[in-house]
Amino acid sequence: MSYTNLIFHAVFTTKHRAPVISVDKERRVYGLLHAIMQKNNVKAIRIGGIEDHVHILFCMPPTMALSDFMKTLKRESSFLMGQERIIDRWPGWQEGYSAFSYSRHDVGKITNYIKNQKEHHKRVSFVEELRDWLIENGVPYDERFFPK
């Protein structure tokens, strides 16, 4: 028997960071992401974001690779959002994502962070936010993608 608690915080953006996830659409978008996660035996802890990006905190089984899950989540959700016309002129998701692992002791902090995205982004841009996450987590990044 194996016992795991694999907790990840992933962030991904709409293509070209288009601000298309309006407040009146976000519940449907997050609900769709949640349904795909359930279908893949991934436990959603918190989903949130703003108009151009999504944060998800989740626990996944050890039998699944993070990259495979993210590919499935983004591909299926993008297809369904276009098919169900949840968002007019849905551009799709930007290629790639950022993901960080956490312990159960961090879940409350990350949950609150995701819950307060709208307030947070009144003070900090997405680019600043992502740069801070990368630095905090010791992830090397290319400064060309983070204009000042």
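The values are calculated or read from the model by the stated rules, or taken from the named source; none is laboratory data. Remember, predicted model here, so these are calculated numbers, not experimental data. Every residue, glycine as well, gets a Cβ built from its backbone with ideal geometry; the counts of neighbours run over all protein chains shown. When the accessible area is computed, the model is the full protein with side chains, heavy atoms only, and any ligands, DNA or RNA have been set aside. Shrake-Rupley method; radii C 1.70, N 1.55, O 1.52, S 1.80 Å.
For LEU134, what charge total do you get from the other residues with a beta carbon under 14 Å from its beta carbon, if Lys and Arg give +1 and Asp and Glu give -1?
Details: positive: ARG131, ARG144; negative: GLU128, GLU129, ASP132, GLU136, ASP142, GLU143.
Here the charged neighbours net out to -4.
For the residue pair SER103 and ASN40, what label-to-label distance in nm results when each label sits 7 Å from Cα along the Cα-to-beta-carbon direction?
My value for the distance between the label points is 2.7 nm.
Under a 1.4 angstrom probe, counting protein chains only, how are MET64, MET70 ranked by accessible area, largest first? Mind showing how you got there, number by number?
Working: MET64 50, MET70 0 Å².
Solvent-accessible surface, decreasing: MET64, MET70.
Could you compute how much accessible surface TYR141 exposes when probed at 1.4 Å, giving the result in Å² to the nearest 10?
70 Å²
Local charge sum around PHE58 (other residues, Cβ-Cβ under 9 Å, Lys/Arg +1, Asp/Glu -1)?
Details: positive: LYS43, ARG46; negative: none.
After counting each charged neighbour, the total is +2.
Hey, quick one: spin label on ASP68, modelled 7 Å out along Cα-Cβ, who in region 91-130 has an amide N within reach, i.e. under 20 Å?
Label zone hits: 96-101.
For ASN5, project a label point 7 Å along Cα to C-beta. Then give me every residue of region 83-120 with its amide nitrogen under 17 Å of that point.
Answer for region 83-120: 101-112.
Lys and Arg at +1, Asp and Glu at -1: add these up for the other residues within a Cβ distance under 15 Å of MET70 and post the number. Provide the component values of the computation, followed by the final result.
On the way: positive: LYS39, LYS71, LYS74, ARG75; negative: ASP68, GLU76, GLU95.
That sum, taken over residues with Cβ under 15 Å, equals +1.
Going 7 Å from the Cα of ARG89 along its beta-carbon direction, which residues of region 1-32 have the amide nitrogen within less than 12 Å of the resulting point?
18-20
Show which lysines lie in cross-link reach of LYS25 when reach means a straight Cα distance below 27 angstrom and same-chain residues fewer than eight apart are skipped.
Those lysines meeting the cut-off are LYS15, LYS39, LYS43, LYS71, LYS74, LYS109, LYS115, LYS118, LYS122.
Can you list residues whose amide H is under 5 Å from GLY92's amide H, if they're 5+ apart or on another chain and H is modeled 1.01 Å from N?
Result for GLY92 returns LYS15.
How about region 49-148: which GluC sites (Glu not before Pro) there lie in a loop by DSSP and see at most 16 other Cβ atoms within 10 Å?
On the way: sites: GLU51, GLU76, GLU84, GLU95, GLU119, GLU128, GLU129, GLU136, GLU143; in loops: GLU51, GLU84, GLU95.
Answer by residue number: GLU84, GLU95.
If you work out Kirkwood radius over Cα pairs in Å from the coordinates, which of (i) 15.0; (ii) 16.7; (iii) 15.9 do you get?
(iii)
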